Protein chains: 2
Amino acid sequence: MEILDGKKIKDEILDELRNEVNNMQEKPTLVVVQVGNNEASNVYIKQKAKMARYVGYQFHHIKLDDTITEEELLYEIDKLNKDKSVHGILVQMPLPSQINTYKVQNAVLPEKDVDGLSDINTGKLFHGKDALYSCTPFGVMELLKRYKINVVGKNVVVVGRSNLVGKPMATMLINEGATVTICHSKTNDLPKYTFNADILIVAVGKPKLITADMVKDGAVVIDVGINRLENRLCGDVDYENVLPKCSYITPVPGGVGQMTVAMLGKNVLKAYKIQKEK
Amino acid sequence: MEILDGKKIKDEILDELRNEVNNMQEKPTLVVVQVGNNEASNVYIKQKAKMARYVGYQFHHIKLDDTITEEELLYEIDKLNKDKSVHGILVQMPLPSQINTYKVQNAVLPEKDVDGLSDINTGKLFHGKDALYSCTPFGVMELLKRYKINVVGKNVVVVGRSNLVGKPMATMLINEGATVTICHSKTNDLPKYTFNADILIVAVGKPKLITADMVKDGAVVIDVGINRLENRLCGDVDYENVLPKCSYITPVPGGVGQMTVAMLGKNVLKAYKIQKEK
């Protein structure tokens, strides 16, 4: 049994990026737009700022009042779209209820959409084309790759069908040749599916949803969940009990979450290159 | 055991469309662009023309020489995009090798893309948003709906991972609440998956790939394959032998192929409405 060390791989990736950026005259610029003062968002943005500083990116944090209208937010994004000194734009989620999240995600220029959530980037992923991909599933793929875990022909079960993780995760795996099953809240008899998985990826947001009896001996278990339980972070997997059954498992924290930040770092450099090639 | 009669359902849908179009002053216009003189394409275009005439659409068939350059084809599409009297544009596949198919598919304005193959329409489907959807998988969903076959929580296995059928099919089913497994050429032990399917959808293009021993008793079997074998059309399913085991099955011809044309009919009217609402 081996622990998939997201922290270690993130550090590797950030060092690779830092080396490349170090040799660049112009430094890529990432702008994070936050609406309101959500506590979790503050933490996430700090992590992103730290990553950007380490790699050598320019980083700007635009914090807007949570009473802002959708029109005003779209105007801010439009300014950033037109600003040639800005290469990556990330609108931190969640947005307040007066704002249509989907509309905002699609307002960011595809080539600056470092979150990879716009229709065009998702459509490109769907067609197996190079694009800016959603950071969390892209991070899972990178983690598997760096640990040389082959997905071709494997029975991969993805639990969760969100636009942010489940669906792009499944698409990336299909494109790479895995046999993929997508389970979710409407699935009857979830253990029947999870128990047959060679690779089990869980992105639901329910602490200890996956118990040891639901996991095949020797499976690879990827836990995308980040839940707060009795003031501790935990994933969707009952880690202590599942651990002895796995060939590989990601911890929470220190697993997929770390990879998400690393892939944002990768996307900023990629966005920069796409814009320079235009 | 009941046969899912694509021809009957297509006729129902075309009559619904015809009634609606009959009450419209302006008639929606569909333009099919063909490059070269592929025989199968000629047959498909004839079917589309017949559908359009029946419903009451204007129909134009632009036939271009197969020596046309990509640039010239893109210029033709651009003219059609700008022409306000054109509501639906369909570029008939396959295109000759000097032309980048993906580029051409994305050159059609999303609101005129009645084939539903552009990145934007695929991205919208991915996010569960209303859009012009790919006709064949959309036709399968409509066929299931009209026969009141519920997909929620069902174990649905899709064999094939093409951009045209397999992937959008899986996405539509996930959006509707099915538990979906996507199998393909890299899948190990295909029968293990197919045999557990409540609903089995096959879109591969291999005659008799699915034999009776691969199908669960009482399964719903949807055959998207259209193959020519000994001068007869047949699907990917060994129809005669699978038939007795099914609760429902689509024939080939007379099944999904009919639905594809019907959904093109639906998409033309929808494209028209989207353009009028702008």
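Laid out as a table, the results:
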read-out: Selection within the range A:132-148 - surrounded by 23 or more Cβ atoms within 10 Å (Cβ to Cβ) and part of a loop (DSSP other than H, G, I, E, B); value: A:132, A:133, A:134
read-out: Given (1) open to solvent by less than 20 Å² (accessible area, probe 1.4 Å); (2) under 18 Å from the mean Cα position of the chain (by Cα); (3) within 14 Å of another protein chain (Cβ to nearest Cβ), index of the condition residue B:151 fails; value: (2)
read-out: Strands (runs of 3 or more DSSP E) lying entirely in the range B:186-278 (those with 2 or more residues that are closer than 19 Å to residue B:159 by Cβ, open to solvent by less than 10 Å² (accessible area, probe 1.4 Å) and touching a strand residue (DSSP E or B) at 6+ places or on another chain (Cβ under 7 Å)); value: B:199-202, B:220-223
read-out: Any chance residue A:104 is crowded, with 19+ Cβ neighbours inside 10 Å, at pLDDT 95 or above and not charged (D, E, K, R); value: yes
read-out: Pairs with Cβ under 7 Å, 6+ apart, first in the range A:160-172 and closer than 15 Å to residue B:182 by Cα and open to solvent by 10 Å² or more (accessible area, probe 1.4 Å), second part of a loop (DSSP other than H, G, I, E, B) and of a type outside the set (Phe, Trp, Tyr); value: A:161/A:184; A:167/A:161
read-out: The lone exception for residue B:77 - which of (1) open to solvent by 20 Å² or more (accessible area, probe 1.4 Å); (2) part of a helix (DSSP H, G or I) it fails; value: (1)
read-out: Among (1) touching a strand residue (DSSP E or B) at 6+ places or on another chain (Cβ under 7 Å); (2) open to solvent by less than 10 Å² (accessible area, probe 1.4 Å) - the single one residue A:9 does not satisfy; value: (1)
read-out: Among the candidates A:114, A:86, A:140, residue that is more than 13 Å from chain B (Cβ to nearest Cβ), more than 24 Å from residue A:250 (Cα to Cα) and under 18 Å from the mean Cα position of the chain (by Cα); value: A:114
read-out: The one condition in (1) in contact with a Phe, Trp or Tyr (Cβ under 7 Å, 6 or more places away or on another chain); (2) assigned to a loop (DSSP other than H, G, I, E, B); (3) β-branched (Val, Ile, Thr) that residue B:122 fails to fulfil; value: (2)
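To keep it simple, each residue is scored yes or no on (1) buried (at least 21 other Cβ atoms within 10 Å of the Cβ); (2) touching a Lys or Arg at 6+ places or on another chain (Cβ under 7 Å).
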| position | (1), (2) |
| --- | --- |
| A:48 | yes, no |
| A:57 | yes, yes |
| A:60 | no, no |
| A:67 | no, no |
| A:73 | yes, no |
| A:83 | no, no |
| A:89 | yes, yes |
| A:94 | no, no |
| A:116 | yes, no |
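The values are calculated or read from the model by the stated rules, or taken from the named source; none is laboratory data. Remember, predicted model here, so these are calculated numbers, not experimental data. Cβ: placed from backbone, ideal geometry, glycine included. Neighbour counts: every protein chain shown. All accessible areas refer to the heavy atoms of the entire protein, side chains included, with ligands and DNA or RNA removed. Shrake-Rupley method; radii C 1.70, N 1.55, O 1.52, S 1.80 Å.
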